[in-house]
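Have a look at the structure below before the remarks.
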């Protein structure tokens, strides 16, 4: 024994016996007591040391009593023994630590500094240990805590009295006080011999010195602060729950957060089961009747892998009326049950697999708390204890109900958000084109991704066939999220298609769209502008001239990828967002090589939290430059490269279009003199041209349409007059242009009218017809459907 190692192992007889009664350890004190060397007894039955041959059967985790033992020389020795059960831990089997003091310490006289500690006068639980850290004195309060009389345990070490890992830690702290002479405060949570459940203790350790100042022992004063400790734990758990639960608007994630917060702070295993809605988009019913069908949303165990779980996440299980889940839901309050009381017998007798699970993992107490919010029952949270021996207390019930109530509001918010998001997404997808039309001007592909966190927004895209084989390309974004944004998007997309049908130039179209957004904003904001905002990019591509005219309102410039060259943004004047009013929009015209790819996108594609806009734009250019077999593959590659794997915070609309050119051999143009007598020769030239194209079957109809349109231009229009025929595989287009800005109108001629039937005839003979204004006048056009010539 040294000052730094005060333990005297020979002063206590100590042995370790496994749960089968075999001796595992035998110290020097045990040999001193009974004379048997360790080699003669270790590994052999401990019952051989009993004088009567009967092994006591402990009824709990600790046992003490007087037992007749057999000395090596054969005589009987009656010994008082203290035994502590050590449960299995980390693969180590359970065992019993058996001790008895051999040299009870002398309580000392009046001049003994250890005896002068005033033990009996202290209201605290106090124990005094000598220089060997063996118990010298303790007061009545400490004896009640330990649950053993002083005369029995005097001379034992703290670890031998407690028999737990916490006792060994306390003993190590006492050795530090003995070696340094400085006081220490130690907090621990354990169940002592005189308690039926674990308590929180604050142990104040101080050195005991003699008149010369020499450290002669350690005085330990234990204060039970269990209530304060539990109050702090409950407050900490509630605070943690308020921060961790409801971090997202996802029902499953919220349920998992509830389970994660409560393990192991409140229970060893927690499951969260939710009721399925009564119908699509509906909330769960306000009343619940047994049997109850519950779907596992989440669970968490103190053991990795949740081996205690009978039901896996996502699976539906029917719980009978005898189950705690159904009982709590039908009663509308928390139900606490335990295996020992028989509360679960009726349920477990019907479920053999679950009953075996309960026995295997030692589940002994459950607490079922209904998950209710805004008067609606959403599900149930079940708290289970297996490792922790204490049953649930009323304070545990209050704590679980508080945390579950907070989680219930978050689950209900997530459900409501999910329903609204699904509705908005359904509305959004119904308002977007189901498929892009096939046109001779471009080959196109598109993608739309709704926001995953803030709800569906108002992004859209469109491809609109125009007259003269031309095509309009459009992407847009309504500010905001939810159903209102989706509805506004639908109105704007309809407006764009309507304005496109009258062949407005891109800058004019955006001007009219800006006026519409202003009116919508005033309607939404009680007359105050600015309540509705939107952005838009609109372009018109002509495959005959291979020129594209574009204008934008707030969106990034589109990117063009030439057939042989690097991708680059189109130099397009920046226009203000829609809804500001009074600011002009400018358009730009670019010539595109056949096979060029145009990339239109909303800002959700390049704006995210992982990188700045410039870095995203560089990645987009790099992705567009990569070789690809199809536009569909390009769309997928762009989204995979630019978007984070966890989802996007804003909607994304992407439209790719590869341009096509119409060969000059498929276009014929004539300048028409303003002489009605020359209409017949023009008809003959048209018939000859159609024959050269192999379209003689369309000659009769085309001749009538050309005759009518040219005659009207000569009679009512202004010079110069021009006729143009354009054809592809399925369509023949007749266009007559003149310098007049007056557009014709279709009217129904009365019986006695001599004229007014020309445009009606054109409308009857053609697939569709219309007029568009140009910089020099107007163009009247008509489309004729052709039989497939291939």
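Give just the number: which of (1) modelled with pLDDT of 80 or more; (2) part of a helix (DSSP H, G or I); (3) within 27 Å of residue 392 (Cα to Cα) does residue 227 not satisfy?
Of (1) modelled with pLDDT of 80 or more; (2) part of a helix (DSSP H, G or I); (3) within 27 Å of residue 392 (Cα to Cα), only one is false for residue 227: (1).
Among the residues of the range 134-184, what is the count of those that are assigned to a loop (DSSP other than H, G, I, E, B) and over 55 Å from the mean Cα position of the chain (by Cα)? Steps first, answer last, please.
The initial filter retains those residues of the range 134-184 that are assigned to a loop (DSSP other than H, G, I, E, B), namely 134, 139, 147-149, 154-157, 163-164, 181-183.
Those left that are additionally over 55 Å from the mean Cα position of the chain (by Cα): 134, 139, 149, 154-156.
Total satisfying the criteria: 6.
Filter the range 332-346 down to residues that are at pLDDT 90 or above and either in a helix (DSSP H, G or I) or out of contact with any strand residue (DSSP E or B) (no Cβ under 9 Å at 6 or more places or on another chain) (or both), then give me how many there are.
Here the count works out to 0.
Please state which of the following conditions residue 562 fails to meet, knowing it meets all the rest: (1) surrounded by fewer than 17 Cβ atoms within 10 Å (Cβ to Cβ); (2) touching a residue at least 40 places away in the same chain (Cβ under 8 Å).
Among (1) surrounded by fewer than 17 Cβ atoms within 10 Å (Cβ to Cβ); (2) touching a residue at least 40 places away in the same chain (Cβ under 8 Å), the lone unmet condition for residue 562 is (2).
Go through the residues of the range 23-46 one by one and say whether even a single one is modelled with pLDDT under 90, outside the structural domain of residue 135 (by TED's automatic domain parsing) and exposed (fewer than 12 other Cβ atoms within 10 Å of the Cβ).
Scanning the range 23-46, I find no residue that is modelled with pLDDT under 90, outside the structural domain of residue 135 (by TED's automatic domain parsing) and exposed (fewer than 12 other Cβ atoms within 10 Å of the Cβ), so the answer is no.
Which residues, taken from the range 185-201, are part of a loop (DSSP other than H, G, I, E, B), surrounded by fewer than 17 Cβ atoms within 10 Å (Cβ to Cβ) and in contact (Cβ under 8 Å) with a residue 24 or more places away in the chain? Walk me through it before giving the result.
Of the residues in the range 185-201, the ones part of a loop (DSSP other than H, G, I, E, B) are 191-198.
Right, trim to surrounded by fewer than 17 Cβ atoms within 10 Å (Cβ to Cβ) and you get 194-198.
Of everything in the range 185-201, those that are part of a loop (DSSP other than H, G, I, E, B), surrounded by fewer than 17 Cβ atoms within 10 Å (Cβ to Cβ) and in contact (Cβ under 8 Å) with a residue 24 or more places away in the chain turn out to be 194, 195, 197, 198.
Of all strands (runs of 3 or more DSSP E) completely enclosed by the range 7-105, which ones contain at least 3 residues that are in contact with a strand residue (DSSP E or B) (Cβ under 6 Å, 6 or more places away or on another chain) and over 22 Å from residue 168 (Cβ atoms)? Even if it seems obvious, please write down each step before you answer.
On the way: elements: 12-18, 23-26, 62-70, 76-86, 95-101.
In the range 7-105, 62-70, 76-86 are the strands (runs of 3 or more DSSP E) which contain 3 or more residues that are in contact with a strand residue (DSSP E or B) (Cβ under 6 Å, 6 or more places away or on another chain) and over 22 Å from residue 168 (Cβ atoms).
Does residue 331 qualify as being under 30 Å from residue 235 (Cα atoms), free of Cβ contacts under 8 Å to residues at least 24 places away in the same chain, surrounded by fewer than 16 Cβ atoms within 10 Å (Cβ to Cβ) and in the same structural domain as residue 374 (by TED's automatic domain parsing)?
Values: under 30 Å from residue 235 (Cα atoms): yes; free of Cβ contacts under 8 Å to residues at least 24 places away in the same chain: yes; surrounded by fewer than 16 Cβ atoms within 10 Å (Cβ to Cβ): yes; in the same structural domain as residue 374 (by TED's automatic domain parsing): yes.
It is true that residue 331 is under 30 Å from residue 235 (Cα atoms), free of Cβ contacts under 8 Å to residues at least 24 places away in the same chain, surrounded by fewer than 16 Cβ atoms within 10 Å (Cβ to Cβ) and in the same structural domain as residue 374 (by TED's automatic domain parsing).
So that you can scan it fast, the table gives a plain yes or no per residue for (1) modelled with pLDDT under 90; (2) part of a loop (DSSP other than H, G, I, E, B); (3) within 18 Å of residue 373 (Cα to Cα):
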{"position": "239", "(1), (2), (3)": "yes, no, no"}
{"position": "242", "(1), (2), (3)": "yes, no, yes"}
{"position": "249", "(1), (2), (3)": "yes, yes, yes"}
{"position": "257", "(1), (2), (3)": "no, no, yes"}
{"position": "267", "(1), (2), (3)": "no, yes, no"}
{"position": "270", "(1), (2), (3)": "no, no, no"}
{"position": "273", "(1), (2), (3)": "no, no, yes"}
{"position": "277", "(1), (2), (3)": "yes, yes, yes"}
{"position": "280", "(1), (2), (3)": "yes, yes, no"}
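Could you please find all residues in the range 477-486 being crowded, with 16+ Cβ neighbours inside 10 Å and farther than 11 Å from residue 459 by Cα?
Residues of the range 477-486 crowded, with 16+ Cβ neighbours inside 10 Å: 477-483, 485-486.
Selection gives 482, 483.
Please work out if residue 470 is at pLDDT below 85 and more than 18 Å from residue 601 (Cα to Cα). Full working, then the answer.
Working: at pLDDT below 85: no; more than 18 Å from residue 601 (Cα to Cα): yes.
No; evaluated as a whole, the condition is false for this residue.
Between 759, 746, 709, which is over 21 Å from residue 678 (Cβ atoms), at pLDDT below 90 and in a helix (DSSP H, G or I)? Explain how you work it out, then say what you get.
Working: 746 fails: in a helix (DSSP H, G or I); 709 fails: over 21 Å from residue 678 (Cβ atoms).
It is 759.
Just for the range 118-130: of the residues that are assigned to a loop (DSSP other than H, G, I, E, B) and under 19 Å from residue 162 (Cα atoms), which one is modelled with the highest pLDDT?
In the first step, residues of the range 118-130 are kept if they are assigned to a loop (DSSP other than H, G, I, E, B); the result is 118-124, 130.
With under 19 Å from residue 162 (Cα atoms) added as a condition, the list becomes 124, 130.
Working: 124: 83, 130: 92.
Among those residues, the one meeting the criterion is 130.
Exactly one of (1) outside any helix (DSSP H, G or I); (2) out of contact with any strand residue (DSSP E or B) (no Cβ under 8 Å at 6 or more places or on another chain); (3) modelled with pLDDT of 90 or more is unmet by residue 204. Its number?
Here residue 204 meets the rest and fails (2).
Quick one: would you say residue 704 is touching a strand residue (DSSP E or B) at 6+ places or on another chain (Cβ under 9 Å) and touching a residue at least 12 places away in the same chain (Cβ under 8 Å)?
Against the criterion (touching a strand residue (DSSP E or B) at 6+ places or on another chain (Cβ under 9 Å) and touching a residue at least 12 places away in the same chain (Cβ under 8 Å)), residue 704 does not qualify.
Give me the pairs: first residue in the range 500-514 and in contact (Cβ under 8 Å) with a residue 24 or more places away in the chain, second residue buried (at least 18 other Cβ atoms within 10 Å of the Cβ) and assigned to a helix (DSSP H, G or I), beta-carbon distance under 6 Å, and six or more apart or on different chains, which are they?
509/499
Pick from 653, 692, 680, 668: which is in contact with a helix residue (DSSP H, G or I) (Cβ under 9 Å, 6 or more places away or on another chain), more than 15 Å from residue 733 (Cα to Cα) and not assigned by TED's automatic domain parsing to the domain that holds residue 537? Reasoning before the result, please.
Working: 653 fails: not assigned by TED's automatic domain parsing to the domain that holds residue 537; 692 fails: in contact with a helix residue (DSSP H, G or I) (Cβ under 9 Å, 6 or more places away or on another chain); 668 fails: more than 15 Å from residue 733 (Cα to Cα).
On inspection, the qualifying residue turns out to be 680.
Given the criteria at pLDDT below 90, surrounded by 15 or more Cβ atoms within 10 Å (Cβ to Cβ) and not in a helix (DSSP H, G or I), does residue 217 qualify?
Numbers: at pLDDT below 90: no; surrounded by 15 or more Cβ atoms within 10 Å (Cβ to Cβ): yes; not in a helix (DSSP H, G or I): yes.
When the stated conditions are applied, residue 217 does not pass them.
The values are calculated or read from the model by the stated rules, or taken from the named source; none is laboratory data. Bear in mind that the values here come from a model prediction, so they are computed numbers and not experimental data. Cβ atoms come from the backbone with ideal geometry, glycine included; neighbour counts cover every protein chain shown.
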